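Working notes for the structure below.
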Amino acid sequence: MKSSTRNPNPNPDTPRFGPSKLMVAFRFLRALTLVHRTAPNSSNAARSRRIQRAAFASMAYSAGPRRAWSRALLWRLHFHRARRLCAGRSRAAGVPRRPSTTRSPADELRRLVPGGTGMDYCSLLEETADYIRCLSEQVKLMQSVVDSGGPRGR
Amino acid sequence: MSSRRSRITGKEINELASKLRSLLPESRRRNMSRVSASKLLKETCSYIKSLHREVDDLSSRLSDLMSTMETDSPQAEIIRSILGS
């Protein structure tokens, strides 16, 4: 699988392999615009769920199929989208459900990292590292969008 | 593929532990230099959960922002021109 290393912006912060921050930002902003345009009158809760899905979607699409966690997220998103189109509501895709208090820490980690179940320990740690990296980048991105949005009501 | 979880060597456990520790941000790494792999796993899980909560929280803040945003605002225009839509 060829990783994308070409980057229009030679940004020193960009990892050599993996999604460029610009690409993730682009995808996320585009998704946000779509949410805003297609559901201007929906409730804050519904829109918030869509934004959350958009966040996980842009993370996963940018990472592509090279990672187990992004594959699992993409599968989940498509699966839930199909269910949503056929049936009624379903909870936000891509978000792990059912916080567990009775599992071992390793099992808990497997449930938290998408695609983690059934993975050997070494791979699980690899995936965890990449997932944490992309997740914290996503958080920083969303924070900067919120910050540039200015004070409410401007 | 059978699980090898119960047969990890001591050396592998140490490698695991240092790898897990390196995943945590500085703020969470402080007390983790001499804890068990199990504790590190728990801390990693707690960190991931807090990241999920942040995404959740930022999503609702973005949603609030959106409700105050007009479609014809200068910011929207800029974003539209960037995205070419």
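For peptide A:111-119, what's the mean number of Cβ atoms from other chains within 10 Å of each residue's Cβ?
Whole-number average of other-chain Cβ neighbours for A:111-119 is 2.
Listed here are the pairs B:Lys19/B:Lys39; A:Lys21/A:Lys140; A:Lys21/B:Lys42; B:Lys19/B:Lys42; B:Lys11/B:Lys39; A:Lys140/B:Lys42; which of them are more than 21 Å apart at the Cα?
Flagged as over cut-off: A:Lys21/B:Lys42; A:Lys140/B:Lys42.
Ranked highest first by average number of other Cβ atoms within 10 Å, how do B:34-43, A:50-59, A:65-74 line up?
With the highest mean Cβ count within 10 Å placed first, the list reads A:50-59, A:65-74, B:34-43.
Tell me the total accessible area that B and A bury against each other, 1.4 angstrom probe, in square angstrom rounded to 100.
4000 Å²
Counting only the heavy atoms of the protein chains, how much of A:His36 is accessible to a 1.4 Å probe, in Å² to the nearest 10?
30 Å²
Order the following by accessible area, largest value first: B:Thr68, A:Thr128. Probe radius 1.4 Å; ligands, DNA and RNA are ignored.
B:Thr68, A:Thr128
Which order do the peptides A:113-119, B:17-23 take when ranked by the mean count of other beta-carbon atoms within 10 Å per residue, highest first?
My ranking of the peptides, most packed first, is A:113-119, B:17-23.
Can you give me the solvent accessible area of B:Leu24 with a 1.4 Å probe, rounded to the nearest 10 Å²?
0 Å²
The values are calculated or read from the model by the stated rules, or taken from the named source; none is laboratory data. As the structure is a prediction and not an experimental result, all values here were calculated from the model. Cβ atoms come from the backbone with ideal geometry, glycine included; neighbour counts cover every protein chain shown. With ligands, DNA and RNA removed, areas are computed over all heavy atoms of the protein, side chains included. Shrake-Rupley method; radii C 1.70, N 1.55, O 1.52, S 1.80 Å.
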